[in-house]
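Beneath this line is the structure, given in structure tokens, with notes to follow.
The values are calculated or read from the model by the stated rules, or taken from the named source; none is laboratory data. Remember, predicted model here, so these are calculated numbers, not experimental data. Note that we place each Cβ from the backbone using ideal geometry, even for glycine, and neighbour counts take in every protein chain shown. SASA here: full protein model, heavy atoms, side chains in, ligands and nucleic acids out. Shrake-Rupley method; radii C 1.70, N 1.55, O 1.52, S 1.80 Å.
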Amino acid sequence: MSLGLTALRPARHDDAEALAIIHEDAWRSTYRGVIDGLELERMISRRGPKWWRTALSRGVRIQILEVAGVAAGYATYGRSRMRELPFEGEIYELYIRPDHQGLGFGAELFDAARAALERSRLSGLAIRVLKDNDAAIGFYLRRGGQVLMTSRERIAQTSLELTVFGWFADDTG
């Protein structure tokens, strides 16, 4: 789908390098000070181009956002991993490069991933967000997400709290 200078499309194998760069830039910007610095760097280093090529080969669904022909964001999505919740779809990750944040691109990417889940007949949507990620919390609240619960995830020696958002199938959000 083209939006003038922006385009949304499924990721291809030749996007692996761009995906790794977006991931690295977004994670450093978003999680510095939230996740221990050394552990953050380890996590980023595991997601290089080879990791992304493998993910694409395995059929991971990834939507790319391009701005003026340059990859500026991505979303990964599919069947919900949170079986205890009444949502069939999940957006696993949604990241925009820091220099493109706050310009409405995240909303376009969110809408595209949500529409792709609906086309796949996955009813409802869930998203997990680190509780300390204030920008993401605000973003999903503005998209009409309902806070459903909190959970914890262990990363290295740190236990981090997650906020789980949900959109029921009949939400027009």
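Looking at Arg97, Arg114, Arg81 in this structure, which one is at pLDDT 95 or above, closer than 19 Å to Ala169 by Cα and not acidic (Asp, Glu)?
Numbers: Arg97 fails: closer than 19 Å to Ala169 by Cα; Arg81 fails: at pLDDT 95 or above.
The conditions single out Arg114.
Mind counting the residues in segment 98-110 that are surrounded by 15 or more Cβ atoms within 10 Å (Cβ to Cβ) and under 12 Å from the mean Cα position of the chain (by Cα)?
Matching residues across segment 98-110 total 3.
Of everything in segment 137-156, what is open to solvent by 70 Å² or more (accessible area, probe 1.4 Å) and among the hydroxyl-bearing types (Ser, Thr, Tyr)? Give them in sequence order.
Selection gives Thr150 alone.
Which one is most open to solvent (accessible area, probe 1.4 Å), of the residues in segment 1-30 that are β-branched (Val, Ile, Thr) and either closer than 17 Å to Val67 by Cβ or modelled with pLDDT of 95 or more (or both)?
Ile21
Among the residues of segment 60-92, what is the count of those that are part of a strand (DSSP E or B) and either farther than 11 Å from Ala26 by Cα or open to solvent by 80 Å² or more (accessible area, probe 1.4 Å) (or both)?
Going through segment 60-92 one residue at a time, the tally reaches 18.
Looking at segment 31-46, can you tell me whether even one residue there is exposed (fewer than 15 other Cβ atoms within 10 Å of the Cβ), without any contact (Cβ under 8 Å) to a residue 60 or more places away in the chain and in contact with a Lys or Arg (Cβ under 7 Å, 6 or more places away or on another chain)?
Among the residues of segment 31-46, not one is exposed (fewer than 15 other Cβ atoms within 10 Å of the Cβ), without any contact (Cβ under 8 Å) to a residue 60 or more places away in the chain and in contact with a Lys or Arg (Cβ under 7 Å, 6 or more places away or on another chain), which makes the answer no.
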